[in-house]
Each structure stands twice: as structure tokens, then as C-alpha cells.
1. Pairs of Cα atoms under 8 Å, at least six residues apart: use those to get the relative contact order of region 154-292, whole percent.
2. Return the long-range amide H neighbours of GLY210 (sequence gap of 5 or more, or a different chain), with a cut-off of under 5 Å between placed amide H atoms.
3. Relative to 2.2 N^0.38 Å, what does the C-alpha radius of gyration of region 124-193 come to as a ratio? Two decimals please.
4. I need the Debye-formula profile for region 36-113: one equal scatterer per C-alpha, no solvent, reported as log10 I(q)/I(0) at q = 0.24 1/Å, two decimals.
5. Hey, what D do you get for region 50-162 in µm²/s if you plug the Kirkwood alpha-carbon radius into Stokes-Einstein at 37 °C and 0.692 mPa s?
6. Taking 8 Å as the Cα distance limit and 6 or more residues as the minimum spacing, I'd like the relative contact order of the chain as a percentage.
7. In terms of modelled amide H atoms, which long-range or inter-chain residues lie less than 5 Å from the amide H of TYR139?
8. Rounded if a/c is under 1.5, else prolate if a/b is larger than b/c, else oblate: which is region 30-74, with a ≥ b ≥ c the root eigenvalues of its Cα gyration tensor?
Amino acid sequence: MNRPQRITLVEGPQAGTLRDTAVSHIGFRVPDLDAAEQFYSRVLGMVRHADRGDGSIRLGWGLGHHVLELTEGEQTLTHYGFEVRDQGGITGITDRLKAAGYEVSDLDASFLDEAIGTPSGVAATDPDGTTVHFHSAVYRQGENAADPGRRPIKFQHTTLGTASIDPMIEFFVNTVGFRISDQLADGRFCWLRSNKDHHTLAIVNVGRAGDIDHYSYDLAEWEDFKAWCDRLTELDVPVQWGPGRHGPGNNLFVFFDDPAGNHIELSAEMEKFWDDQVAYVPRRWEPTPNSVNLWGGQTPTWRRTSEPRRGESAEVTA
């Protein structure tokens, strides 16, 4: 078997500019809006924050900023957002994007709601054509205040599917200011950080542009995973992958799907990075199933790697 080409993803001078930026919200079109709302209410404990009057609804955990915006239609990712708490962060992102030739506009006024603070923000289009929001600090009282056996404690990260990694690295790392924590050695999967968590954003080559690979909610600890696997079974929601432990990030995980087929991860024990005290070099993991699940076992059909386990036939990431 020929080994795939080894590729090192390169950080430019702007990498690491962001140190206090977190994932904020995400938007989908879904084929059945009622079914999606019922699922997120029943399984993840969300409530409707707003009916925007344009056919879309916003869901969250009761207080503070919303987590999901759902619109009825053919399943797709419509937008995703980040909360930028870095001092001068929004201005810096705006200036760097404009200098690199990206168009930047003011964030939709519907996000500037006193109920979530009075944030300022901008919107841009990533290289795959998806809208991405960057906004200043908002209220998030609905997070970190739950029984994690019944509800996740926060929205943790987004993983984008793409057809080309390099333009996304140029956008997020070398312009916006994320850093590379880890990558697969074939260059087809990378994990990016913008705060102390190992990743707030990941990007994987799935052969399609503008896709969502999965997105993740945080639990508190290992003990919560037993409760959640039992709970998902009681709710007739099949576990699609896990429980397991990722190599990159070292976080525990379990996956299930929403009614539209979006892959949802529950995660805990994410590795922390201390960039103010330590100099890190991005790690290059072998592109094998054991890297994405250190515990081994079955890998779902949608999570393929370019090199197989010993004794298995080769697959390509798709």
C-alpha cells in the first residue's frame, strides 16, 4: 500500500492572535422544523428564544445568547458564529480580513439585543461560501448551570467539512487569528484553538465545500457519559459512535444524530493549552482510525481515514 502524501499545515504571523474567543452559535436549514425543535427540546433541553418572523426560530437554554437558529428547507449549514472576548478583537479581525481582501459587513441588528448584552459584531464569508459571525461578549447565563446528566453545560466546538483545507487555514489561522493545535499527517483534518481549549473549530476534508461535519456540546465529566448513553437509549436516539476518546484533544466523546442527520457530539475533558506560558508545536497524528479514537472499536462510515488499521483495507477521507 502506498502511503498518502505527508503535508504540514503552516501557520503565519497572525496565528494565535485570538486567545479568548469561543464558539457561539450555529444555523441550519432542516427539512422538518417542528421535528427539529421537538428533538432539541426533548433531548438537549433547549427552549425557543425567538421566532424571527422570517420562518426561522432560535433555540437555547433559556437565558442569554441563543445556540441554534433553525429554518425549514433542504438540510444545510447556513452560518456559524464566535464570541470574541479578546480586547480589540472585533476591530482586529475586521482589519485583518479587509487587508486580506475579504468583504466584511456589520452583523445583523437582530443580534444586538439588550437581553444578551449589547454586542457589536461583523459578518464575513468563509472560503467555502458560508457566513461566519464574529461578535463581542454576550450574556450566557443559560450555560454552565445545568445537571449535565439531563442537559449539556455549553456549546463547545464546530467542525466544518470542506473540499480544500488550505484556503480555510489561510482564512481562520493566518487572517482571523486561530492557532493549529493538531493535524492529521495527510493534511486532511486539523484542529484549531482560539482560547485554552484544544479546539473551538476543526476542519476536515470531506470532498464537499460548505458542509457541517459535526458540532459538539460539553458535558462535565466521564460519569455523565453513562447517564447520557442510558438517556439516549430511553429516548430512542441511537448512539452512532462511542463512547471513546479522541487522540487530538484527548477528549471523551459520544455521537448521535438529529432528525436532519446532523452529527452531534457530546464531549468532556478537553485538553487545555497555555499559550501565555508554553510554546507549542502543532502535532501530526497518523491518519488512522486509532488516532481519532484511541480506544479503537468501530468507526462510523462518515468518519473515514486515509490509512487503515492493520489488517484492514485502505479508505479515503470522505
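Read-outs: derived from the displayed coordinates by stated rules, not from any lab. Predicted model only: the values in this text are computed from it and were never measured.
1. 27 percent
2. Answer set, sorted by chain and number: ALA163.
3. In units of the globular-protein estimate, region 124-193 measures up at 1.38.
4. So the normalised log intensities work out to -1.20.
5. 212 µm²/s
6. For the chain, the relative contact order is 18 percent.
7. HIS65, GLY117
8. Note, shape of region 30-74 comes out oblate.
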